[in-house]
Amino acid sequence: MDRFEVKTPQDLKRLDIGELGDVADSIRSRIVETVENNGGHLSSNLGTVELTVALHYVFDCPRDKFVFDVGHQSYAHKILTGRGDAFSGLRKDGGISGFPRPSESEYDSFGAGHASTSLSVALGLAQAMQVNGESGRSIAVIGDGALTGGMAYEALNAIGSEKLPVIIVLNDNEMSISKNVGAMSKYLTRLRVSKRYTRVKNEIKRAVSIIPLFGDGAMHLLNKGKKLLKRIVLSNKVFEAIGVSYYGPFDGHNIKELVEVFGQVKNMDGPSLVHVITEKGHGLKSAIKDREHSHGISAFSAKNEMMFSDVLGEFLTDATKNDKRITAVTAAMAIGTGLEKFSKAFPENFKDVGIAEEHAVTYCAALAAGGLKPYFAVYSTFLQRGFDQIIHDVCIDKYPVTFCVDRAGVVGSDGVTHQGVFDLGYLTMIPNMTVMCPTDGEEFRAMLHFSLDFGAPLAIRYPRSYECSRAHAPIEYGKWEKIKTSRSKVYVLCAGGRALAIAENADKSVDINIVNARFVKPLDTEFLDKINKSGVHIVTVEDNAARGGFGQSVLAYLNGKGLKARVSILAHVDKFIDDRSVVGALARSGLTEENLINTVKSLE
């Protein structure tokens, strides 16, 4: 084994501190090579290599519990904890996850995938260790972007009051995915100045103290000036005020400095926060230059793939030229949701609230209450975090907020924490909410146009991409679109583009009626009443969990009317999906043309 190819934390501890930089370089090269081949989170992992090496050098994982907020920056941790040989399988079926998974390794103390959870987890683990008489430390690594999430502050408040030895490592790179926003980001910027203040103070102190006779008087003046400067630079120290000892900021790429500070903090009682400054994309010029776009990299894109997010950005940009009431809102995802160009064209109409989906939903409700037209562009997996706010703040009083729910359905390589297969279930259960599913870009554009004057809560859910567009019938509230009619007694009701593609491919082998169920709520009850006859077979297809989804909504309605037709539901089974490819996930749930063909034939 190469001396700097560390396979376990124990291997790392055998090295001299001066050799850790070579280990970091080796890990960084491995990350770049793998992500270029497989896709993954590049810049965030490059920025935390030295930090992770220092943590494993000082602490004793898994006795000490490492908790990575979001978890997308855990690649170096995986390489250092016995998974270096498996790292080439990152984000692939059968390979390791891109996020911490306790089922994958004892070194992963808790699963992650969403932001702002690490402080709550670290406190809970610390409490459990205390009760169990264990001596380990609980260490949370949280980015400054995650500190825009309200859950982090709830946990900080509890950590400060519990006084357990929780160590918070604040990884401050001024970025989450999009550039960080908000008061905490500005506060951390002020704290960064403190390092400069300390360095300048020490340089002046050394210079003045060697002046004969003058030194003592100068030192007195210097101390007075120091107190004034410190009040200016380090006023309102939030962390200290809530009972968390603050240390920093430190250079997050200086391993020796990090090892020293972690070695000191390791033995302290009570909670502490170590503030480290890192550079996202460190060590790779292209990642540093374009930190936002290098946050997450796809292994490849299909040649004919077109993005729903591009349609959203273009539509809102054009629409806002004529209606300045339109406001586009994102939770630190301007690029992924297609709002980057809109943000530059209409900066006053664009609001990035940071990683704070709950706030975003209620904020949009208030914008609508004030007469504006808010569009909240958000990934399906992250909208889950605002479930209560959708009910309580948007739908009870019918505020016209439009939710543009991106990455709906299975998402592939990011795995179990990012699947968007629950939104139909929880959105359709909420009174006053309308839910639509476009099959392609043109239909999405028509739905967005429909939304402009809809005047009520509306969710439009769609996957990442589509391959082509077609001409569609005009949007009529609550009405479905007939794509193909025949004399067959089999009706395939498709919720979304993936479902429609399955049906159209199956139609080459079996004769079926194909319906674009563009409204999942309300259902097209007039059409369902018409086909609810003995001898008719209805097959629903959706890229969503079966429980509470489109198919069960159809079945529930028909049962209430007196079910005469036979109904089959093709959807995801009642389990979490951890497939790393969209095709594989759909196949394992039976969402394929072959299974639809077999289902239709079994009904004959």
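The values are calculated or read from the model by the stated rules, or taken from the named source; none is laboratory data. Not measured: the values here are computed from a predicted model. Here the Cβ positions follow ideal geometry from the backbone for every residue, glycine too, while neighbour counts run over all protein chains shown. Ligands, DNA and RNA are excluded from the accessible area calculation, which covers all protein heavy atoms including side chains. Shrake-Rupley method; radii C 1.70, N 1.55, O 1.52, S 1.80 Å.
Some points to look at:
- Annotation note: Cβ proximity below 8 Å between a residue of the stretch 558-570 that is over 15 Å from N598 (Cα atoms) and a residue that is in a strand (DSSP E or B) (sequence gap 6+ or interchain) occurs for L558/I538; L558/V567; A565/H537; A565/I538; R566/H537; R566/I538.
- So R91, is it touching a helix residue (DSSP H, G or I) at 6+ places or on another chain (Cβ under 6 Å), basic (K, R) and either at negative phi or not in a helix (DSSP H, G or I) (or both): yes
- Meets criteria (within 31 Å of the chain's Cα centre (by Cα), modelled with pLDDT of 95 or more and either in a loop (DSSP other than H, G, I, E, B) or under 19 Å from G425 (Cα atoms) (or both)) for L558: no
- A571 being under 33 Å from the mean Cα position of the chain (by Cα) and open to solvent by less than 20 Å² (accessible area, probe 1.4 Å): yes
- Qualifying residue in the stretch 400-423 (condition: over 16 Å from the mean Cα position of the chain (by Cα), in a helix (DSSP H, G or I), over 22 Å from F308 (Cα atoms) and among the hydrophobic types (A, V, I, L, M, F, W, C)): no
- Within the stretch 450-465, considering residues that are farther than 14 Å from K373 by Cα and open to solvent by 30 Å² or more (accessible area, probe 1.4 Å), the one nearest to the chain's Cα centre (by Cα): R464
- If you go through the stretch 367-387 and keep only what is among the basic types (K, R) and either open to solvent by 40 Å² or more (accessible area, probe 1.4 Å) or at positive phi (or both), you end up with just R385.
- Here G560 clears all of (1) in contact with a Ser or Thr (Cβ under 9 Å, 6 or more places away or on another chain); (2) open to solvent by 40 Å² or more (accessible area, probe 1.4 Å); (3) farther than 22 Å from I514 by Cβ except the condition numbered (1).
- Taking (1) at pLDDT 90 or above; (2) out of contact with any strand residue (DSSP E or B) (no Cβ under 7 Å at 6 or more places or on another chain); (3) open to solvent by less than 30 Å² (accessible area, probe 1.4 Å); (4) assigned to a helix (DSSP H, G or I) in turn, L147 satisfies each apart from (1).
- Scanning the stretch 414-449 for residues that are buried (at least 24 other Cβ atoms within 10 Å of the Cβ) and polar (S, T, N, Q), we see that the one that is farthest from A501 (Cα to Cα) is Q419.
- Filtering G252, G270, G313, G248 for residues that are over 23 Å from S44 (Cα atoms) and either open to solvent by 50 Å² or more (accessible area, probe 1.4 Å) or at pLDDT below 95 (or both) leaves a single hit, G270.
- Which numbered condition H77 misses (of (1) over 30 Å from V411 (Cβ atoms); (2) open to solvent by less than 10 Å² (accessible area, probe 1.4 Å)): (1)
- Selection status of L119, at pLDDT 90 or above and in contact with a helix residue (DSSP H, G or I) (Cβ under 6 Å, 6 or more places away or on another chain): yes
- The set of residues in the stretch 1-24 being part of a helix (DSSP H, G or I) and either over 22 Å from V259 (Cβ atoms) or open to solvent by 10 Å² or more (accessible area, probe 1.4 Å) (or both) consists of Q10, D11, K13, I17, G18, E19, G21, D22.
- The set of residues from the stretch 525-552 being surrounded by fewer than 23 Cβ atoms within 10 Å (Cβ to Cβ) and within 19 Å of G478 (Cβ to Cβ) comprises T525, E526, F527, L528, D529, K530, I531, N532, Q552.
- Of the residues making up the stretch 480-511, those that are open to solvent by less than 50 Å² (accessible area, probe 1.4 Å), over 18 Å from A571 (Cβ atoms) and of a type in the set (V, I, T) are I483, V510.
To keep it simple, each residue is scored yes or no on (1) open to solvent by less than 30 Å² (accessible area, probe 1.4 Å); (2) among the basic types (K, R); (3) part of a strand (DSSP E or B).
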residue: G336; (1), (2), (3): yes, no, no
residue: K351; (1), (2), (3): no, yes, yes
residue: E358; (1), (2), (3): no, no, no
residue: T362; (1), (2), (3): no, no, no
residue: A365; (1), (2), (3): yes, no, no
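Residues are listed down the side, and each one gets a yes or a no for (1) assigned to a helix (DSSP H, G or I); (2) open to solvent by less than 10 Å² (accessible area, probe 1.4 Å):
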position: S26; (1), (2): yes, no
position: V53; (1), (2): yes, yes
position: Y57; (1), (2): yes, no
position: R63; (1), (2): no, no
position: R101; (1), (2): no, no
